[in-house]
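In what follows, a single structure is set out as structure tokens and then discussed.
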Amino acid sequence: MTGRTTRADRLAHPTTRDAIRAVAENHGACLHPIQLRRINADTGQTDQVLIPCGATLASKCPPCAERAKVLRTAQCSEGWHLDTEPIADPPPPDEVQAMWVEHRAQAQAMRDQAEAAGQGTAELDELIGDLDQEISRSGLRGKADPARSRPRRHRSTRGRQDAPDLPRRKVSPRTVGRTSTARDGKTFRPSMFLTLTCPSYGRVDENGTPVDPASYDYARAARDALHFAALFDRFTQNLRRVLGYDVQYFATIEPQKRLAPHVHIAMRGTLSRTELRQIIAATYHQVWWPSTDVVRFDGDYLPVWYDARGGYVDPATGELLPTWDDALDAIGPDDQPRHVARFGAKFDAQGVLAGTKDSSRCIGYLTKYLTKQLGDCHHPDSDAQREHVERLADALRYEPCSPMCANWLRYGVQPKNPRPGLVPGACKGKAHRYDHLGYAGRRVLVSRKWSGKTLADHRGDRQAWLTEMLGLPAADPARYRWEQVQPEDEDYLPPGRRLLRSVGDRLQWENALAEARRRAQDALSSELSPTGRAA
Ligand SMILES: [Zn+2]
Ligand SMILES: [Zn+2]
């Protein structure tokens, strides 16, 4: 190139930094690697190791988010069509465990007798605490008496969930669905792909925006989104009761175009559409929270934190606001729940067989939006859509998101575990944020016995496969000590250099893997060739 270039010409060239990022993304190298120092405890030798940031959102690090999605895909497909129980029944307690449990039971009996006789229980309570520790030390999971040390409220609203109108079977511990046998003797173990939605809040057009915004029920939409995870939980309980076994699921929560959450469920085993329709109709979640009908504090007139009393007071009267527990206790027997969440009548259900194209297509659906925040799944690109997002955010602003929510102060109730600095309308809870659309729960809900593995186990599987493929010696974790490198340390790598190293490491790794694959392929073809030589 000769001659002068203008500023515009120069700006039209990409920067080196952008190019490195693009190369990193193409090769799946983490954009924000974390620098660790690995110290060999035997030799004292120190290495610099970069580990991926592990982000699950593409807005933070596309390569890491893609890897996280691949891992979820593996987890989803591994559990869906299992034909054997993934977790063996735990063995009966050993002698030591049984002994501690016996001591614990006796101590409880003595304590309860002492209490009934009006005697002190402090010593026995202490003994019980010690025994509980011995029980967990002996390797038993869970607590002997989960309700212990939890202060009991006078009245519980928890028992007030009405029983759903459904046939109930005893739930057997089986997690694997039934098989069906075709005429040719082949057995099938079908599984299902379900999609459940929220009810209608008013008619919407094909862009997901309300036909009549004024009558669209934003308050209800906001509350349903807030309690969607709890509703899904009720659904799985009912599903298990009706089907009579420990149904397992891998579910992901996503927004529809109208910005209401819906849930895709990969379920092990099947049920009929009629059964599903019945369960959906009978499933609801009642929210027994204090009333928010009356706004008591607004604008500049807000409750004030009063340190000496550890709570918020009415600025006009100096009166302490009712605590969370007081407010719950004030819910009378004739009161209605503050909200009842239900699914919409529309659902989608299809049977899916292991290893079919359908199965991988559904897994694609299930993991499609996992690298995006809920609010980023559908980009508003018309005024109507932007206004729709806006109005939903408005409805969520003063809606209490949890018992701890600052918004309770607006309705004259102290949030649970109050602390100074709470301002209604400025709760830090995720549910209120634009990008969460009212749903603050986890995006992927996996039942405990889905694949019998945690996400870390699945990650370990991948690593073990790689180590074997590359012929690397398995590192002994006990030999190394790890330290995070801080910006003020001498060996600190600035972000630009870290990114370069991240790309470099990845390229080397890709070459090594390609080489290992070639060798494996050569070995395979020499085994197959009749002369024993590589063909
Ligand atoms: Zn990353
Ligand atoms: Zn909140």
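The values are calculated or read from the model by the stated rules, or taken from the named source; none is laboratory data. Keep in mind the model is a prediction, meaning the values are calculated, not measured. Methodologically, a virtual Cβ is constructed for each residue, glycine included, from the backbone with ideal geometry; neighbour enumeration extends over all protein chains shown. Note: areas computed on protein heavy atoms with side chains; ligands, DNA, RNA excluded. Shrake-Rupley method; radii C 1.70, N 1.55, O 1.52, S 1.80 Å.
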Mind listing whichever residues of the stretch 171-206 are of a type outside the set (A, V, I, L, M, F, W, C), modelled with pLDDT of 80 or more and within 28 Å of the chain's Cα centre (by Cα)? S172, P173, R174, T175, P190, S191, T195, T197, P199, S200, Y201
From R442, R462, R448, R433, which residue is within 28 Å of A520 (Cα to Cα), open to solvent by 70 Å² or more (accessible area, probe 1.4 Å) and not aromatic (F, W, Y)? R462
Residues A222, A230, A266: which one is surrounded by fewer than 18 Cβ atoms within 10 Å (Cβ to Cβ) and either in a strand (DSSP E or B) or of a type in the set (A, V, I, L, M, F, W, C) (or both)? A230
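Can you tell me which residue among L370, L374 is within 16 Å of ligand 1 (Cβ to nearest atom), of a type in the set (A, V, I, L, M, F, W, C) and modelled with pLDDT under 95? It would help to see each step written out before you state the result.
Numbers: L374 fails: within 16 Å of ligand 1 (Cβ to nearest atom).
Testing whether each residue is within 16 Å of ligand 1 (Cβ to nearest atom), of a type in the set (A, V, I, L, M, F, W, C) and modelled with pLDDT under 95 leaves just L370.
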Looking at the stretch 404-423, which of its residues are near ligand 2 (Cβ under 9 Å from one of its atoms) and either hydrophobic (A, V, I, L, M, F, W, C) or at pLDDT below 95 (or both)? M404, C405, A406, W408
Which listed residue, of G344, G425, G355, G438, is under 15 Å from Y218 (Cα atoms) and part of a loop (DSSP other than H, G, I, E, B): G438
Among the residues of the stretch 22-53, write down those that are open to solvent by less than 50 Å² (accessible area, probe 1.4 Å), in contact with a helix residue (DSSP H, G or I) (Cβ under 8 Å, 6 or more places away or on another chain) and either within 16 Å of ligand 2 (Cβ to nearest atom) or within 23 Å of L513 (Cα to Cα) (or both). A24, G28, A29, C30, L31, P33, L50, C53
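Here is a yes/no grid of residues against (1) β-branched (V, I, T); (2) open to solvent by 50 Å² or more (accessible area, probe 1.4 Å); (3) in contact with a Pro (Cβ under 9 Å, 6 or more places away or on another chain); (4) assigned to a loop (DSSP other than H, G, I, E, B):
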| residue | (1), (2), (3), (4) |
| --- | --- |
| T292 | yes, no, yes, yes |
| R296 | no, yes, yes, yes |
| W305 | no, yes, yes, no |
| P315 | no, yes, yes, yes |
| A327 | no, no, yes, no |
| I331 | yes, no, yes, yes |
| P337 | no, no, no, yes |
| V340 | yes, no, no, no |
List pairs: first residue in the stretch 380-392 and of a type in the set (S, T, Y), second residue not in a helix (DSSP H, G or I) anywhere in the structure, Cβ distance under 7 angstrom, at least six positions apart or on different chains. S382/N207
Do we have any residue at all in the stretch 473-480 that's within 32 Å of the chain's Cα centre (by Cα) and assigned to a strand (DSSP E or B)? yes
